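The values are calculated or read from the model by the stated rules, or taken from the named source; none is laboratory data. Here the structure is a predicted model, which is why all the values come from computation and not from measurement. Reconstructed Cβ throughout: ideal geometry from the backbone, glycine too, with neighbour counts over all protein chains shown.
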Amino acid sequence: MSQLVRRVTQMVTYSIVPTLVAIAAALLATAAIVWISGAPVGGFLEAMLSVPGQRDLVIIVNQASMIALSAFAAAICFRMNIFNIGVEGQYIIGACAGAFFAGSGIVPGPLNILATLVVAMLAGMAWAMIAAVLNVTRGVSEVISAIMLNYVALTLAGYLVKTYGSKSGYTFTTGTIPPSSQPLGFGIFSGAPDVWALSILAVIVAVGYSFLLGWTRFGFDLRTAGESRTAALANGINPKKMVLITMAISGAIAGLVWMPSFFGSTHTFGIPEYFQRGLGFTGLAVALLGRNTSLGIFFGATLFAFLSTQSNRLQSVGVGRDVVEITQGVVVLMVVIAFEISRRVKARREQESVARELGATSEGVRA
Amino acid sequence: MRHLTKAAVLVGAAAVVLSACGTAADNDDSDDNADGQQCEAVELEGDPQVALAYDVGGRGDQSFNDAAYAGLERAQTEFGFEGTEGEAASDESEEVREQRLRGFADDGYNVIVGVGFAYSESVDKVAPDYPNVSFAVIDGFDPTEDDVNCNVAYLTYAENEGSFLVGVAAAETTESNTVGFVGGVNNPLIQKFEAGFKAGVEEANPDAEVVTTYIEESDPRGFGDPAGGQAAAEGLINDGADVIFHAAGASGIGVFDAVTSADLWAIGVDSDQYLTASPEQQPHILTSMLKRVDVSTYDFIAAAFDGEPLSGYTEFTLADEGVDYSTSGDFLPADLVTEIDDYKQQIIDGDLEVPAEP
């Protein structure tokens, strides 16, 4: 029992308090920027701290689910010390492949949903494997190749949709999901649209992520290889194999990122109106913000979704929408700083308590 | 009490409008796509309050969005209202776009313009919930043709006609018999520019060849990528092009840079780009194909103030000066201007058909 109390106190002292302080500091810093730019600071703070309406809440939940999926894809690589900046490209390819498959209606009814998820995961995985294989066999930095592959993915998706899709207004799109394969959402408010059914994927992936990393031999190997590849090698873990597997899992999760929106709202794929870009990059920031933990990622994803959703409100009080991105960037920065400070404080306190106990024993010995 | 009566009248009017829509959709005999014809004008509640929702880039892009703002400004001086504005982000979701429009409507704005075709879907979803708000989408289209919203106006342009005229200018100016076209994004809208331009070149100088390149396949960033525009233009210059027409929004600045350093010609787009170009670039901007987004924005707002809000498709063509070409800088010789004006008249008179697809 006292163990639990201590853990909770530790979490509050070293995680929650620094986070809240960091967010407050970020808001103040952004308010200063708003003030310098000559926009109304009062309006900014009011808009940022206002309670979202029902429709906004639904959007926040939906968006948070996609951001969280993207963050888990990034986080599993972070734990292995790989910087998978290619989540963006992987989820574009996953979305495109999934949309073509679902729209074709090869598999009937609700089974189409499941099959589409598998196709999207495989496509995302395949795209991630390009960077992984280049890294393992040729020593190409995964950061460089993945960044390039992000551009290739976007262009390839655009080309495929243009070649094999159909024209809708000025945009080319894939076929629409047959109505029998469109899942119902979770109705929370009667006056607002449903929360997307596949938002639940974020929860499933979160549970799987925590279990995989914390409770399996593979998770242990992954974290070990992440700490030190040489140490891992010395302990019989093949780092190259670990890179391949980790990237494969990451790519598969990335393939799922856009699926909640696809099945919940757009039902077709086409850039720019029937797709949402940039989630891969947001996921990187949120994984960083959430310190690669499930709870942290959910918190970060919700915060980012909340901030983006407030952008309309900001504009109505005369503050530019770029301020939202500034806030998001400053939040990440502040959280990194706050956690570094809290880590040092924690280390010093531990050293002090160890020294005190050591001092006590050594004095005891001397006496 | 007066308000109540007014409200009753409005509800009644809305019912009439809605039922009119119903029959229009049910009959489904209007193959000519003039859906708006069967709608009655939207009844606005109170005075018109105008809101503009910009596309990615927003105000200050020296191109598309700024042209819409110019139309708003003109209407503001004429009718005296304040208005509000909002702007899209390149990676926002469809839902956030919808919320922007709902936010305007909930705040009492009843004349709402979505600048750019990306608002088509959002407006289509939001409009039915606000029957007494008049919406417009610039470059817009109705994604659900069999379910028409009577309170939505789609403002489109005959970009191919304007591009035809600058195509003639390019064909008569080129010395290498090769002219270039840089598109921002390879979508059917920009292909319309390409098609008209090619037709104009072909008409005026059958020996000339048109080389074409697009900056992006589908990514709207192709409209905001000057470095990409420059690279694209340099590629065309390597292919021998000495006059380059761009339809690439803010990426066009890169095209201007490329022709300036190679001492060749460029043709601007949307607004009269000679006027906003830097002094180094100015001597290289032959002409601009004008797409008068300002005119249509103003027309739409003015119609609302006149109590006759627009509805359905309205195409702005050469005939009503919705598209045109510019002569700023006086680089076009007088006989060429006469030739272009002659083609212009032929198009207006219907003697010359300009293709809309390449």
### Query
Just checking, which of A:A132, A:A192 is farther than 30 Å from B:K192 by Cα, assigned to a loop (DSSP other than H, G, I, E, B) and hydrophobic (A, V, I, L, M, F, W, C)?
A:A192
### Task
Quickly run through segment B:328-350 and pick out the residues that are in contact with a helix residue (DSSP H, G or I) (Cβ under 8 Å, 6 or more places away or on another chain) and at pLDDT below 95.
B:G329
### Task
Would you mention how many residues in segment B:76-94 are of a type in the set (D, E) and more than 8 Å from chain A (Cβ to nearest Cβ)?
2
### Task
List the number of the failed condition for A:I16; all other conditions in (1) at pLDDT 90 or above; (2) farther than 30 Å from A:V161 by Cα; (3) assigned to a helix (DSSP H, G or I) hold.
(1)
### Query
Which residue, of A:F275, A:F269, A:F263, is at the interface with chain B (Cβ under 10 Å from one of its Cβ atoms) and among the aromatic types (F, W, Y)?
A:F275
### Query
Take the residues of segment A:177-208 that are away from chain B (no Cβ under 14 Å), of a type in the set (V, I, T) and surrounded by 19 or more Cβ atoms within 10 Å (Cβ to Cβ): which is nearest to the chain's Cα centre (by Cα)?
A:V205
### Task
Quick one: count up the residues across segment A:45-72 that are buried (at least 24 other Cβ atoms within 10 Å of the Cβ) and not β-branched (V, I, T).
10
## Note on the structure
Per the list (1) closer than 26 Å to A:P183 by Cα; (2) in contact with a Phe, Trp or Tyr (Cβ under 7 Å, 6 or more places away or on another chain); (3) free of Cβ contacts under 8 Å to residues at least 12 places away in the same chain, residue check on A:K162 breaks on (1)
### Summary
With criteria (1) closer than 17 Å to A:S70 by Cβ; (2) buried (at least 24 other Cβ atoms within 10 Å of the Cβ); (3) more than 14 Å from chain B (Cβ to nearest Cβ), A:I147 comes up short on (2)
### Task
For segment A:88-105, indicate whether the set of residues that are under 30 Å from A:A231 (Cβ atoms) and assigned to a helix (DSSP H, G or I) is non-empty.
yes
### Task
Provide a single number: the residues in segment A:293-323 that are in a helix (DSSP H, G or I) and within 8 Å of chain B (Cβ to nearest Cβ).
7
#### Entry: Condition check for A:I253: modelled with pLDDT under 95, crowded, with 24+ Cβ neighbours inside 10 Å, among the hydrophobic types (A, V, I, L, M, F, W, C) and under 30 Å from A:G165 (Cα atoms)
no
### Query
In segment B:185-213, which residue that is facing chain A (nearest Cβ under 10 Å) and not polar (S, T, N, Q) is nearest to B:S90 (Cα to Cα)?
B:V185
### Query
Which one of these is surrounded by fewer than 23 Cβ atoms within 10 Å (Cβ to Cβ), of a type outside the set (S, T, Y) and assigned to a helix (DSSP H, G or I): B:E172, B:E194, B:E161?
B:E172
### Query
Does any residue of segment A:157-164 turn out to be among the charged types (D, E, K, R), within 12 Å of another protein chain (Cβ to nearest Cβ) and either assigned to a helix (DSSP H, G or I) or within 23 Å of the chain's Cα centre (by Cα) (or both)?
yes
### Message
more than 22 Å from A:Q315 (Cα to Cα), among the β-branched types (V, I, T) and either assigned by TED's automatic domain parsing to the domain that holds B:Y54 or touching a helix residue (DSSP H, G or I) at 6+ places or on another chain (Cβ under 7 Å) (or both): which single residue out of B:V111, B:V126, B:V133, B:V148 fits that description?
### Response
B:V148
### Answer from A:A95, A:A123, A:A115, A:A99 - the residue that is farther than 16 Å from A:L284 by Cα, without any contact (Cβ under 8 Å) to a residue 40 or more places away in the chain and of a type in the set (A, V, I, L, M, F, W, C)
A:A115
### Query
Which residues, taken from segment B:246-269, are part of a strand (DSSP E or B), under 20 Å from B:S176 (Cα atoms) and touching an Asp or Glu at 6+ places or on another chain (Cβ under 9 Å)?
B:W265
